Each structure stands twice: as C-alpha cells, then as structure tokens.
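Reviewing the structure listed below.
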Amino acid sequence: MSVRGRKVSTRGEAVAANYAFGPLEDDVIIKHRLLTRTTTTRGEPPLKKLQKKFTSFVLEIEKDGSNNDDCEKLSRAFLQELSTFEIPLLKSKAVVDANIREKESFHEFKDEINKQILLAQDDIEDLKKQLEESKIERQHKEECEAIRKLIAAQPPRSVTQKTIVDLEKEIAALDAENTASSRMLELRKKQFALLLHVVDELQNTIEDEQKSLIEEMRITAEENKIGVDDASGGLEAMAVD
C-alpha cells in the first residue's frame, strides 16, 4: 500500500513539473490571451475570424476581373467583424480603466487607513500617558485621604494644646521637685559627711578618754601597790621591835 502511494505521488509530482506554471507565467499567458483573444469557450476565436475575413478580403482584391460586389461584401463583412472584435476590446478597456480607478481608490483608502492607524497609535500612546498620570493622581489622592483620616482621628487642637500646657506644667513641677530633691540630697550628703566627721571626732575622743582612764587606773593601781608595800614593811618593822 505504501509503495502504491509513493508511485501516485511521484506521478503527480511529474505532472505538476510538466504542466504547472508559476504565478508570473500564468499572468503572462492570461494577458496574452486577453490581448489577442485567440481563445474562446464557444466557436472560433474572434481574432482568427477577423484574420480570415481580412485574408478573404485581400485575396478577393488581388484577383483580376470585375469583382467589386464581392470586394464590397467582403469589405463590409471585414468591417463588421472588426467592429465586433472592437466592442469587447472597448469593454475590456473600460474594465481595465475601472480597475485602475478602483486600485487608485484602494491605495488612497489604504493610505487613509494607515494615517488613521498612526493617529490611533498616537491616541493610544496619549491615553497610556493619561492613564499613568491618572494612576499617580489617584495614588496621591488616596495618600491624602489616608492622611486626612489620620488627622481627623486625632483630638481637636484646643484639647491637644491644653494637654501640652498640662504636660508642660507637670514637667515644670517635676523639674522643681527634682531641683528640690537634688538640693535636699546635697544637704543630706553634707549633713552625713558632717555626722561622719563628728562620729570620727567622737570616736577619737572616746578612745583618748579610754586611754586616759586606763592610764589613770594603771597609775592608781601602782600607787595602791606601793602603799600596800609600804604598809607591809611597816608592819614587819613593828613586829621586829
């Protein structure tokens, strides 16, 4: 099956290669046929008929003898055939002229469409710019609206001002209290330092007094000891006597 398909395709390619014409060749052949009118779908081609009429007329003229009537008939037949041949040419010319005008109109219409496309593209670019500007403007409006809502949520200016004044008074009172506390602390420091000095002096005095008392007690003890010794000696002397 595959071999047959290949054979058929090869035959079709051969036919196409032998009989097919390119677009340019087709245009040349069609143009030649229209100009010469050598082909027709029914009957003999008009150009051949005209050629036969003209040939018959020329041959009849070239004959010797009185054949004026035949020449006249052939002349009228040739002129009639020429008129018949000319009418389609005039129609074809009218069609060609109409096609040329339509082509020019089409080109004008195409140019107009291209201009409208360019204008539309410019309008699209302008609209894009306007859209971007609108987006930026809308974003700014949204930001302003958010700020406005934030401001509206805040207390009135009078309340804020009163709060500020109260806070300033409270800060001033705290500053005064801090100053007083600092002064009191400084005074306490001085008093504590004085107290420590007094305690040191008192401790030194007590130590001196203790030393003096101990010295006096030692002296008294020594004096008492001497007195006891003297008394003991006197008693011994009295006993000897």
field: Whichever aspartates and glutamates have a C-alpha closer than 20 Å to that of K189, once near sequence neighbours (fewer than 8 apart) are set aside
entry: E177, D200, E201
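Would you work out if region 124-231 is rounded, prolate or oblate? Take a ≥ b ≥ c from the square roots of the eigenvalues of the alpha-carbon gyration tensor; rounded if a/c is under 1.5, else prolate when a/b is larger than b/c, oblate otherwise.
In terms of gyration-tensor shape, prolate.
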- prompt: Per the 1.4 Å probe, what fraction of the accessible area of region 63-114, in percent, lies on carbon and sulfur atoms?
  reply: 55 percent
- prompt: Leaving out same-chain residues fewer than 8 places away, which lysines sit with a Cα under 28 Å from that of K52?
  reply: K31, K63, K73, K91, K93
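The values are calculated or read from the model by the stated rules, or taken from the named source; none is laboratory data. Values in this document were obtained by computation on a predicted structure and should not be read as measured data. These accessible areas exclude ligands, DNA and RNA; they are computed on the full protein's heavy atoms, side chains included. Shrake-Rupley method; radii C 1.70, N 1.55, O 1.52, S 1.80 Å.
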